[in-house]
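Step one of this worksheet: look at the structure below.
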Amino acid sequence: MRFRFADSLWAERHGKGSGVERRMDGSASRSFDVLDPTAFGRWVLSLGGDAEVELPAEMRRDLQRAAARIAGLHEDTAHA
């Protein structure tokens, strides 16, 4: 999972994940052992665009679809 800067600092301070790979832009990738994919997905979505699942690809696609559904619920349809 990749955390954008400054959430990468937050994840580090709070011991979220392991196996840190830091990038030049301040972001960091961290590994997680996921026991409950649904709960993990909700947590990732709660971080907004400041974190994204990189692997596994299936979880990434599922979260992209969920984010699109959520965005669709909040579209302004008054001007459609």
Right, Val20: aliphatic (A, V, I, L, M), touching a helix residue (DSSP H, G or I) at 6+ places or on another chain (Cβ under 6 Å) and not in a helix (DSSP H, G or I) or not?
no
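For (1) in a helix (DSSP H, G or I); (2) open to solvent by 60 Å² or more (accessible area, probe 1.4 Å); (3) without any contact (Cβ under 8 Å) to a residue 12 or more places away in the chain; (4) touching a strand residue (DSSP E or B) at 6+ places or on another chain (Cβ under 9 Å), each residue gets a yes or a no:
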| site | (1), (2), (3), (4) |
| --- | --- |
| Ala11 | yes, no, no, yes |
| Val44 | yes, no, no, yes |
| Gly49 | yes, no, no, no |
| Arg61 | yes, yes, yes, no |
| Asp76 | no, yes, yes, no |
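Here's the yes/no breakdown for (1) in contact with a Leu (Cβ under 9 Å, 6 or more places away or on another chain); (2) under 16 Å from Arg2 (Cβ atoms):
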{"residue": "Ser27", "(1), (2)": "no, yes"}
{"residue": "Ala39", "(1), (2)": "no, no"}
{"residue": "Val44", "(1), (2)": "yes, yes"}
{"residue": "Glu58", "(1), (2)": "no, no"}
What are the residues in region 22-45 that are of a type in the set (Asp, Glu) and within 17 Å of Pro56 (Cα to Cα), if any?
Asp33, Asp36
For residues in region 13-42 being free of Cβ contacts under 8 Å to residues at least 12 places away in the same chain and small (Gly, Ala, Ser), which is surrounded by the fewest Cβ atoms within 10 Å (Cβ to Cβ)?
Gly15
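The values are calculated or read from the model by the stated rules, or taken from the named source; none is laboratory data. What you are looking at is a predicted structure, and each value in this text was computed from that prediction instead of being measured. Every residue, glycine among them, receives a Cβ derived from its backbone with ideal geometry; neighbour counts consider all protein chains shown. Surface areas here come from the heavy atoms of the whole protein model, side chains and all, with no ligands, DNA or RNA. Shrake-Rupley method; radii C 1.70, N 1.55, O 1.52, S 1.80 Å.
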